[in-house]
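Here you go, one structure.
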Amino acid sequence: MTENCIFCKIAAGEIPSAVLFEDEDFRVILDVGPAAKGHMLVLPKQHFANLYEMPDELAGKAFILAKKMARKMKKALNCDGINVLQNNGEAAGQTVFHFHIHLIPRYRNDMLKIGWKPGELTQSDKAELLKKFEEE
Ligand code: 5GP
Ligand code: ZN
């Protein structure tokens, strides 16, 4: 447990939360500031700040659990769609620096805005990016 991490405390049950699922590695809880009714968070019990820090096996388990919860969400809420979001770093909108996956139920015409204005993949950007990733 990392001191002063709210999600460590929630995952350990030290701070109360609405728990939808729990196993030895994870807790799935309702978000207290939901984008939509039923917005949930998949939290590992161990502290990792973001996706890059997660061990492969635990990262794999987290996304498999997100899939399982998405199926449950679809059935329980009869939603039309689900956004699966995972923010890494302040620039990407992360506000709690303990890895988590968001699942947000969506309904046709729900007016929720999660998105971006599409840009353009130029030939030079494409060449530059292909080269950068080749170098990795
Ligand atoms: P992030 O912006 O880091 O991807 O998402 C953090 C999420 O955690 C937000 O959606 C926020 O509403 C939620 N959150 C922050 N503090 C608490 C809390 O104490 N309990 C619960 N259940 N959710 C929290
Ligand atoms: Zn933590």
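Can you name the number of the only condition in (1) among the charged types (D, E, K, R); (2) within 15 Å of ligand 1 (Cβ to nearest atom); (3) over 15 Å from the mean Cα position of the chain (by Cα) that Glu24 fails?
(2) is the only condition that Glu24 fails.
Which residues, counting only those in the range 32-52, are within 16 Å of ligand 2 (Cβ to nearest atom) and touching a residue at least 60 places away in the same chain (Cβ under 8 Å)?
Leu41, Val42
Let me ask another. From Lys61, Lys74, which residue is within 17 Å of Arg27 (Cα to Cα) and either surrounded by 11 or more Cβ atoms within 10 Å (Cβ to Cβ) or under 13 Å from the mean Cα position of the chain (by Cα) (or both)? Break it down stepwise before answering.
Details: Lys74 fails: within 17 Å of Arg27 (Cα to Cα).
Going through Lys61, Lys74 in turn, just one is within 17 Å of Arg27 (Cα to Cα) and either surrounded by 11 or more Cβ atoms within 10 Å (Cβ to Cβ) or under 13 Å from the mean Cα position of the chain (by Cα) (or both): Lys61.
Looking at Val42, Val19, which is the one that is touching a His at 6+ places or on another chain (Cβ under 8 Å) and farther than 24 Å from Met111 by Cα? Even if it seems obvious, please write down each step before you answer.
Working: Val19 fails: touching a His at 6+ places or on another chain (Cβ under 8 Å).
Just a single option satisfies the conditions, and that option is Val42.
Report yes if Ile10 is buried (at least 18 other Cβ atoms within 10 Å of the Cβ), within 15 Å of ligand 2 (Cβ to nearest atom) and either assigned to a loop (DSSP other than H, G, I, E, B) or not basic (Lys, Arg) (or both), otherwise no.
Working: buried (at least 18 other Cβ atoms within 10 Å of the Cβ): yes; within 15 Å of ligand 2 (Cβ to nearest atom): yes; either assigned to a loop (DSSP other than H, G, I, E, B) or not basic (Lys, Arg) (or both): yes.
Judged against the criteria, Ile10 is a match.
While we're here: Any idea how many residues of the range 74-94 are within 13 Å of Lys37 (Cα to Cα) and either among the aliphatic types (A, V, I, L, M) or touching a helix residue (DSSP H, G or I) at 6+ places or on another chain (Cβ under 8 Å) (or both)?
Residues that pass the stated criteria total 4.
Could you list, in sequence order, the residues of the range 14-34 that are among the basic types (Lys, Arg) and loosely packed, with under 11 Cβ neighbours inside 10 Å?
If we filter the range 14-34 for residues that are among the basic types (Lys, Arg), which is where we start, we get 27.
None; the set is empty.
Condition first: more than 16 Å from ligand 2 (Cβ to nearest atom), surrounded by 17 or more Cβ atoms within 10 Å (Cβ to Cβ) and of a type in the set (A, V, I, L, M, F, W, C). Now tell me which residues in the range 86-109 satisfy that.
Correct list: Leu103, Ile104.
Now, a different point. Within the range 20-136, considering only strands (runs of 3 or more DSSP E) that don't extend past its boundaries, which have at least 3 residues that are acidic (Asp, Glu)?
On the way: elements: 26-30, 40-44, 81-85, 101-106.
Those strands (runs of 3 or more DSSP E) do not exist here; none qualify.
Out of Leu85, Leu130, report the one residue that is without any contact (Cβ under 8 Å) to a residue 60 or more places away in the chain and under 29 Å from Gly13 (Cα atoms).
That would be Leu85, the only listed residue that is without any contact (Cβ under 8 Å) to a residue 60 or more places away in the chain and under 29 Å from Gly13 (Cα atoms).
Read-outs: derived from the displayed coordinates by stated rules, not from any lab. All of these numbers come straight from a predicted model, not from anything done at the bench. Every residue, glycine as well, gets a Cβ built from its backbone with ideal geometry; the counts of neighbours run over all protein chains shown.
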